[in-house]
Amino acid sequence: MSVITPARNLIGGKWNESGSVQESVDPSTGEVVGTYVSAGRAEAEAAIAAARTAFDTTGWSRDPALRSRALSELAGRIAERVPALSRTLTQANGKRLDETAWEAAVSVDWLRHSAASALTQVAGRAAEPTPGQYFHSSPEAMGVAGIISPWNSPVCLTVRALGPAIGAGCTAVVKLPGQTALTNALFAEAVAATESLPPGVVNILTEAGNEVAPFLVESPDVDVLSYTGSTHVGRLIATAAAPTLKRLNLELGGKTPLIVFDDADLDTVVPQLVMAATLMNGQFCCTGSRVLVQRGIADELRTRLATALKAVKVGPAEDPSTQLGPLIDKAAVARVDTIVEEATSYAEVIVRGGPVTDPELAGGAFFRPALLEVERLDVPLVQQEVFGPVQTFEIFEDEADAIQRANATEFGLAASVYTHDDFRARRVGRDLRFGGVWVNTWGVMSEHFEQGGFKQSGIGVLCGPSAISEFQNIKTYATAAPRQP
């Protein structure tokens with residue numbers, strides 16, 4: 001399957017070609033690989049109107065069997081497009097083909113899970129709390145859902161919110177980033193090919209600028225909004241959404257600590273730490289950006305990790321031997337390099353890393369991994385999300401010190417604990433203020449269990465049985481005999 005260019009937007013079940021034409025660039029080469037139509041305010045208004053009409057004038061929100069069937073059919077349409085989605089996404093954001101293939105394939109699983117939830121999570125409660133008074137409650141779809149997805153994993157992170165949103169009975173307007181326009185178009189083609197989806201239930205917009213997203217946040221016709229991205233933008237969204245008091249579902253930034261105790265198996269741990277820094281080229285909200293190591297093994301781990309990071313092969317995302325592809329663009333390379341250079345004033349450089357200057361890679365946005373040792377917790381490299389293959393190396397003394405250091409940021413998305421002591425893992429995990437804790441692993445996720453952050457890493461959850469409730473209201477009915485005079 002190939003994308004028709006310029007890639008178009010899907011509004012009300014029809015292809016829309018209005019808007020400015022922009023170029024899609026491969027960050028591995030800097031070459032233009034296609035064009036797309038960028039949506040603006042007018043297209044956002046049309047998409048919201050289409051979603052509103054579909055919600056208000058059809059039986060979509062009251063037909064869980066139809067919603068389940070549509071989600072199952074959409075999963076099939078995505079499955080047909082896994083190879084094409086993988087290829088275009090690798091060209092769009094520089095992730096390796098094995099990573100993009102995983103993203104496309106897991107999106108199928110997540111949609112099928114939402115299809116099941118649409119059928120099984122429709123029941124409310126009924127009771128007679130007082131004699132003669134009968135109550136029952138039932139979940140109802142909130143209305144129009146706005147979904148704003150990022151460029152690093154646009155397929156699975158869209159599906160993660162869209163599945164429960166339409167499973168709950170909402171209609172949706174999905175805003176996707178210009179960087180992944182060709183992948184967005186393939187996703188929109190899958191939606192358009194899903195015959196069980198009534199026109200207007202799912203609308204897909206790609207935007208290069210900054211008109212659609214703010215309008216989704218501010219519009220009183222959007223009842224619930226799901227956003228995945230930075231904590232900074234999440235705060236702006238919360239402020240802009242306040243006048244309408246719409247429900248917000250936010251998965252925001254992270255600063256994942258990887259806590260390595262002195263009984264851990266370093267032969268297993270070191271490859272995990274490298275993967276945590278380089279998967280998705282370090283552009284992942286759960287990137288393992290902080291290595292916390294117990295003092296007794298600090299020297300050995302420092303040496304082994306430095307050697308492993310220096311050996312990482314940087315190259316084009318489509319090369320099967322590549323371990324670390326490009327950042328999203330050269331501006332990101334300059335930004336990450338500035339962060340590392342400024343950190344040298346307060347951190348000890350173990351591996352400098354930095355922009356790749358090899359002639360054969362000159363057209364791409366490549367950055368070699370960096371590792372810097374820090375002691376203070378109030379420095380930018382510990383407190384700010386870098387969004388690149390950069391790790392800090394921090395030494396702790398005991399469990400209490402490890403917990404205190406790990407919790408000493410505003411973020412609380414995910415953490416890892418490496419130890420052979422199961423009781424230690426449970427003690428430490430209990431006191432870590434993070435929405436997800438991995439034990440002797442990193443980055444493992446399942447559609448059957450919730451994903452979400454604590455503290456400044458988000459509001460609400462997606463995946464798991466709780467996800468569908470993020471897009472529902474609860475209505476309570478009461479029946480009682482008339483009061484006697």
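Every read-out reported here was derived from the displayed coordinates using simple, explicitly stated rules and does not represent laboratory data. Just so it is clear, the model here is predicted, and its values are computed rather than measured. Counting neighbours? That spans all protein chains shown, and the Cβs are built from the backbone with ideal geometry, glycine included.
Against the chain, whose longest principal axis is taken from its Cα atoms, helix 330-343 shows a tilt of about 50°.
Peptides 21-33, 170-182 ranked from most to least packed by the mean count of surrounding Cβ atoms within 10 Å: 170-182, 21-33.
Among the listed pairs 455/475; 175/475; 95/313; 14/95; 175/255, those whose Cα-Cα separation exceeds 23 Å are 455/475; 175/475; 14/95; 175/255. Which of the aspartates and glutamates could be linked to residue 330 by a straight reach, that is with a Cα gap under 15 Å, when you skip same-chain ones fewer than 8 residues away? By straight Cα distance, residue 330 reaches 26, 31, 358.
Relative contact order of the chain: 19 percent, from C-alpha pairs under 8 Å at least 6 residues apart in sequence. Once a ≥ b ≥ c are taken as the square roots of the eigenvalues of the Cα gyration tensor of the stretch 1-92, is the result rounded (a/c under 1.5), prolate (a/b larger than b/c) or oblate (a/b not larger than b/c)? Oblate is the answer for the stretch 1-92, as a/c is 1.5 or above yet b/c matches or exceeds a/b. Loop-located GluC sites (Glu not before Pro) in the stretch 170-276 (DSSP state other than H, G, I, E, B) with a sparse environment of at most 11 neighbouring Cβ atoms within 10 Å: 195. Annotation for the stretch 367-424: trypsin sites (Lys or Arg not before Pro) lying in DSSP loop with at most 13 further Cβ atoms inside 10 Å of their Cβ are 376.
For the chain, the longest principal axis of the alpha carbon atoms and the long axis of helix 422-431 meet at an angle near 70°. Most simply put, the chain has about 45% antiparallel DSSP beta bridges, counting only bridges with both residues inside it.
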